[in-house]
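This report refers to the structure that appears directly beneath it.
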Amino acid sequence: MELPKYNIALIVGVGEGLSASLARLFAREGIKVALAARKIEKLGALCTETGARAFACNAAEAEEVERLFGMVEREIGTPDIVVYNASARARGAFTDLVPAEVANSITVSAFGGFLVAQQAAQRMIPSKHGAILFTGASASVKGYPQSAPFAMGKFALRGLAQSMARELSPQGIHVAHFVIDGGIRSTGRVESADRPDSMLDPDAIALSYWNVLQQPRSAWTWEVELRPWVEKF
């Protein structure tokens, strides 16, 4: 049973939470890391810690995404792990939602995922090797009140992942979607003392991503749902 080996990871939509945990995990495993975000000024410390390179990119713009992959290839190499973490929200009563804000939410959450995944797949298919991972949310499977745009974007991203998995798995590309069903712990968002581990630890989430990446192709999964032990279904 041969386990997959990966060399270069590109994480798109990087912040201080899950993306940072993934960057640290990949670096510990000897994988070169590229980080992409609209604003990269705050990524300096993470780059120093992990040896990663940061690239500015608006994932909702096709030309910028194509340019991102070109720069990563030239400066690091062709990524064989690509993680899409970018998303956008527009909250409010349904009748008060601003159409332009709704369009932006769907564009970033779903269309950006398509753009990034397409560039990744074009490079992975010739070698029949690679993994494309999408970060979903509770909204991927449950539409909440006053959050229709986020649900539309995340539902679309989940559909994209499922369709891609069925098409690309036979070509050697592991596509997986992660439903993060609960709040993620961060420096500015922690659970109360009387509810320990009631939020998802980003390092624990990253470990689940890594476990999926290590799956032999005879037993691939296309979707994982993660929630704290006290989270309601």
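The values are calculated or read from the model by the stated rules, or taken from the named source; none is laboratory data. Everything numeric in this text was worked out from a predicted model, so none of it was measured. Using ideal geometry, Cβ is built from the backbone for each residue, glycine included, and neighbour counts are taken over all protein chains shown. Ligands, DNA and RNA are stripped out before the accessible areas are found, and what is left, the full protein with its side chains, is counted by its heavy atoms. Shrake-Rupley method; radii C 1.70, N 1.55, O 1.52, S 1.80 Å.
Which lysines have a Cα lying under 16 Å from the Cα of Lys128, excluding residues fewer than 8 positions away in the same chain? Those lysines meeting the cut-off are Lys5. For segment 8-226, the ratio of Cα radius of gyration to the globular rule of thumb 2.2 N^0.38 Å stands at 0.98.
Here segment 1-75 is treated as a Stokes sphere of Kirkwood radius computed over C-alpha pairs; at 10 °C and 1.306 mPa s its diffusion coefficient rounds to 125 µm²/s. Give, as a single signed number, the net charge of other residues whose beta carbon lies under 11 Å from the beta carbon of Val14, with Lys and Arg counted +1 and Asp and Glu -1. Its environment carries a net charge of +2. Per the Debye formula on identical point scatterers at the alpha carbon atoms of segment 120-216, with no solvent, log10 I(q)/I(0) at q = 0.11, 0.23, 0.24 Å⁻¹ is -0.43, -1.17, -1.20.
The ellipsoid that matches the Cα gyration tensor of segment 62-142 has semi-axes, each √(5λ) in whole angstrom, of 30, 14, 9, with the longest given first. Sorted largest first by accessible area at a 1.4 angstrom probe radius, with every protein chain in place, the residues His177, His129 fall in the order His129, His177. In this view, the solvent-accessible surface of Asp197, computed with a 1.4 Å probe and all protein chains in place, comes to about 90 Å². Rounded to the nearest 500, the helix-only mean residue ellipticity at 222 nm of the chain stands at -11500 deg cm²/dmol, with each DSSP H run of n ≥ 4 adding -39,500 (n - 2.57).
Averaging the sequence gap over all C-alpha pairs within less than 8 Å and six or more residues apart, then dividing by the number of residues, gives segment 131-233 a relative contact order of 30 percent.
Residues considered: Ser21, Ser192, Ser208. Largest GNM mean-square fluctuation over the chain, using C-alpha springs under 10 Å, is found at Ser192.
Between the C-alpha center of segment 194-233 and that of segment 1-68 there is a gap of 20 Å.
What is the magnitude of the charge dipole of the chain about its Cα centre, with +1 placed on the Cβ of each Lys and Arg, -1 on the Cβ of each Asp and Glu, and no other charges, expressed in debye to the nearest 20?
Working: 24 positive and 24 negative charges, 28 e Å.
The dipole magnitude comes to about 140 debye.
Relative contact order for the chain: 19 percent, from Cα pairs under 8 Å spaced at least 6 residues apart, divided by residue count. Taking +1 at the Cβ of each Lys and Arg and -1 at the Cβ of each Asp and Glu, which of Gln215, Pro99, Ala148 sits farthest along the dipole of the chain towards its positive end, judged by Cα position relative to the Cα centre? Selected residue: Gln215.
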